[in-house]
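Remarks on the structure that follows.
What follows is calculated from the coordinates using simple rules that are stated; it is not laboratory data. These numbers come from a predicted model, not from an experiment. Please note: Cβ atoms are built from the backbone with ideal geometry, for glycine as well, and neighbour counts cover all protein chains shown.
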Amino acid sequence: MDGDRKLSFVELRSALSAVFDLVDLDGNGRITPDEGRALTKESKGGLPSMIAGQFRFQRFDANKDGVVTLNEIRNPAVLKRTFDEFDQNSDGYIDSSELKKTGLGVVLIRD
């Protein structure tokens, strides 16, 4: 997000917040499974579909109440686990090739 085409841990936190805003269709600060499904249905495979497809409720819904909040997205343990999963070569950055594999590369790293 600083132009180097790699995401640090701090940059991932900001990027996931931006994705949250895209998926939270009604802007109420909570993402429901219905919002994710509606987004996927409307987009028919476009960018929002990729976002919704990668938005894993099981990962982010820390209290298992069926919705995801921004605080849950920013949970340090969840962020660390997500970062480590995406940083496949363990170099401390998520580069564009690693990010493209997640389906979020178009959103988080722009040409």
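Listing for the model above:
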| quantity | calculated |
| --- | --- |
| Among residues of segment 73-89, those that are free of Cβ contacts under 8 Å to residues at least 40 places away in the same chain and assigned to a helix (DSSP H, G or I), counted | 6 |
| Members of segment 1-27 found to be buried (at least 16 other Cβ atoms within 10 Å of the Cβ) and in a helix (DSSP H, G or I), listed by number | F9, E11, L12, R13, A15, L16, V19, F20, V23 |
